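I have placed the structure first, in the form of structure tokens, so that the comments after it can refer back to it.
Only the coordinates and a few stated rules stand behind these numbers; no lab work does. Just so we're clear, the structure is a prediction, and the values are computed from it rather than from any experiment. Note that we place each Cβ from the backbone using ideal geometry, even for glycine, and neighbour counts take in every protein chain shown.
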Number of protein chains: 2
Amino acid sequence: MGIVVQKFGGTSVATPERIHKAAEKVIAQKKAGNKVVVVVSAMGHTTDELVDLAKKVWGDRPGQPPKREMDQLLATGEQVTIALIAMALAAQGHEAISFTGGQIGMITDTNFTKARVKEVDQERIVTELNKGKIVIVAGFQGVTEEGDITTLGRGGSNATLVAIGAVLKADVCENFTDVDGIFTADPRIVTDARLIKEISYDEMMELSSVGASVLQTRAVEFAKKYNVPIHVRHSQTDKPGTMITAETKAMEHIVVSGCALKKDLTRVTLKKVPDQPGVVAQIFSTVGEANIVVDDIIQNTMEDGTANVSFTVEHGDVADLKVVVDRKLKEIGGGEAIYDTNLAKVSVVGVGMKQSTGVAARMFGALAREKVNIQNISTSEIRISCIIAKSDAEKALKAVHAAFDLGKA
Amino acid sequence: MGIVVQKFGGTSVATPERIHKAAEKVIAQKKAGNKVVVVVSAMGHTTDELVDLAKKVWGDRPGQPPKREMDQLLATGEQVTIALIAMALAAQGHEAISFTGGQIGMITDTNFTKARVKEVDQERIVTELNKGKIVIVAGFQGVTEEGDITTLGRGGSNATLVAIGAVLKADVCENFTDVDGIFTADPRIVTDARLIKEISYDEMMELSSVGASVLQTRAVEFAKKYNVPIHVRHSQTDKPGTMITAETKAMEHIVVSGCALKKDLTRVTLKKVPDQPGVVAQIFSTVGEANIVVDDIIQNTMEDGTANVSFTVEHGDVADLKVVVDRKLKEIGGGEAIYDTNLAKVSVVGVGMKQSTGVAARMFGALAREKVNIQNISTSEIRISCIIAKSDAEKALKAVHAAFDLGKA
């Protein structure tokens, strides 16, 4: 008898019929003798609809609605689903009990709209599991120590899945979604992309950070820390998907496991920033405090004693970034900010890269043959990324995927 | 500087436009120098839509979805509104903070779907009011001591309004709704019905219990206990409505203040119940434990040693009642239950009745002239009610309203 934590994303619970379908998967694990905890997202496009409602109320005023209230609003989406899943399980004859993030003590920091989980109180979950109940938990949400409702940002339900898997020392976290698993590239772009059966936490983190949208870096990082295997699989089939686990010996022989594309990048260039010690550091620390992840930083010093600094952020962070940057530039008394949204990033990832040479050359060669101009390169021990024009994005991904023979099993 | 608690019902917050309109009324009280707490219902038909969703998930299975999960589901409706009202106030330049029932410690019993408020922790509300913020509270909901979300049943937002008014010792509770106030009769039926400017708690309780749907008996009872005046008024105008207060000398001169009609009555007749001591008491105590209010009880003993017991309940309670009654009849080994839904009740209410004679005769005479057959009569010190056929309902109300000259100022 093990502990299984399952997560169903928004499309997997979009209608009453799909909710019953999800319930069947829950019951199958329960019947197999496992204790089951289920994490759910908001139904279908609920979150988007709530965001639209907030926008309508806010109107065309400058700024944005208060983030605390945004979270109060958005958290209702998952609360609807947990109740309905519990009802579906009851309808199918199984006792279930639903909990909001707050009700199971999913304590986060106070960083509204993108809070981080600090701790999870497993007591109530364990008590109900021991009574033989299936426990349903609202994904994407938590509460601050003061009791204010927070949401965990994009992919927050996966963070919930892994956090609960970790505290319960679950045997597996099943991430049910609307794709078959992790592919060697986005199969909507690369037609011969192949399902990856097993991938290491590190590779998955790198792939996520450079565009594989199925699972967020943060969730995988957490799973790695607590060594919880994640099984990413399709909610409408019974086929096994991709298992994300600790690195194995066999993985080392695969030089490149997959490649990914990021098309929602904005490059910010701060021009004529005073070139004095500490100024750039100040800018980045302010941006960091606003919880905005920056990447691909380049700094050039000009002859007039100023510097140009450029870096990339995700489109979604641009509104927040503008506020922070404008304030900071005013403070330091100089500089202007230019935003370029026509960029993309293509990356290859593989643990085998550590022992292998020529990977970069092979990638650059493939891009060169397709006449794709590389604007910037960044690397980690197991990843190589190139910033390119957005118009070259899909062509570049196809070329790289082919260059490493990823379509072949 | 006083404390004002305002409540906006579902139609008053049905759209972003109306939410801003409500926000203006809040701001007006704030600008007048008051500390303001706002209680809101779910937007428009949200609650009905959530109930439909639950019904779809439950399908045509016997019984009903688990009530705890129903409350988990329904409570989201008000949570959406509190966030949007807080955003609207922020958009109009006023600092506001929203709270769910749980977040302000609105503690209830564990009677899901119709819980009763046990206590309200005023600390968080007072703290935020003292910071100069407008406090928004979700109506209709609370939490048990264990932290499970409950809802307060029909008219629960009014219970929230009065409970908060009571703990804060508010100067007035403003109940904004989609009618001008309390009328001498339902103006949709009686065209010359007149707005009542001032009415006593006791009269309002009686009127509510016999069909005036604007405010529930329970909420008025609570307001009376803590002597909190309630101002029932229209959310789309600035006209004063009806003030519900402690009884004044002037009120005693009004024999009949208003009349009301209840059309959602079911009469249950339990036939051939063993006529033994305690059996009927057992039945009613079981029904009472299920939190179902019964009225107009009649018992007849038959010659065969059995008894017929009949009583009325509201249509909404019939599903719950059937479960309880069927179980009880099986236990006591006899009897059958017959449900008659074609009944109505017409009532007149007035504190002046205490010192006045001939009120009953005047009412019965009016009904007789319209050939309305009276099936049962029940009275209190300040009320007379007659059970009649549903088909006579509107005719009866008009006749009674005219008989007491209620249309004249």
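Annotations for the structure displayed:
- Under Karplus coefficients 6.51, -1.76 and 1.60, residue-wise ³J(HN,Hα) of the range B:243-253 in Hz, glycine/proline x: 9, 9, 9, 5, 5, 10, 4, 4, 5, 5, 7
- Helix A:46-58 and the longest principal axis of the Cα set of chain A meet at an angle near 60°.
- Rounded to the nearest 20 debye, the dipole magnitude of the protein assembly as shown is 700 debye, with +1 charges on Lys and Arg beta carbons, -1 on Asp and Glu beta carbons, and the Cα centre as origin.
- For A:G305, inter-copy label distances in nm, listed shortest first [label point 7 Å out on the Cα-Cβ vector]: 11.4
- Axis-nearest residue in chain B [Cβ, rotation onto A], distance in whole Å: B:T76, 2
- Sequence-distant residues sharing a close amide H with A:K7 (under 5 Å, placed H): A:V39, A:E174, A:N175, A:F176
- In this Cβ point-charge picture (+1 for Lys and Arg, -1 for Asp and Glu), the range B:3-178 has a dipole of about 320 debye about its Cα centre.
- Projecting 7 Å from Cα along the Cα-to-Cβ direction, the label point of A:D171 sits 6.6 nm from its equivalents in the other copies, listed shortest first.
- Kirkwood-type hydrodynamic radius, the range B:3-178: 16.1 Å, calculated from all non-identical alpha-carbon pairs.
- Dividing the C-alpha radius of gyration of the protein assembly as shown by 2.2 N^0.38 Å, with N its residue count, gives 1.16.
- Net charge, B:Q92 excluded, C-beta distance under 12 Å - Lys, Arg +1, Asp, Glu -1: +3
- For A:A163, net neighbour charge (Lys/Arg +1, Asp/Glu -1) across residues whose Cβ lies under 14 Å away: +3
- Nm distances between copies for B:E331, ranked from closest, using label points 7 Å along Cα→Cβ: 6.9
- Set against the 2.2 N^0.38 Å expectation for a compact globular protein, the range B:146-268 has a Cα radius of gyration ratio of 1.08.
- Ordering of A:166-173, A:287-294 by burial proxy (mean other Cβ atoms within 10 Å per residue, highest first): A:166-173, A:287-294
- Order of A:V313, A:V220 under a 10 Å beta carbon neighbour criterion, fewest first: A:V313, A:V220
- Here the 3J(HN,Hα) profile of the range A:103-112, calculated from phi with Karplus coefficients 6.51, -1.76 and 1.60 at θ = phi - 60°, is 5, 9, x, 7, 8, 10, 6, 9, 7, 4 Hz, Gly and Pro shown as x.
- Excluding same-chain neighbours fewer than eight residues apart, the lysines reachable from A:K271 by a Cα-Cα span under 22 Å are A:K322, A:K328, A:K330.
- About its Cα centre, the dipole of the range B:215-349 is roughly 460 debye, where the only charges are +1 on Lys and Arg Cβ and -1 on Asp and Glu Cβ.
- Rg and Dmax of chain A, Cα atoms only, in Å: 22.5, 75
- Cα pair distances exceeding 16 angstrom across the range A:196-319, given as percent: 70 percent
- Spherically averaged projected area in nm², based on the convex hull that wraps the Cα atoms of the range B:359-409: 3.6 nm²
- Among B:G156, B:V13, B:T312 the positive-end extreme of the charge dipole of chain B (Cβ point charges): B:V13
- Nonlocal amide H pairs with A:I254, under 5 Å, H built at 1.01 Å: A:G352
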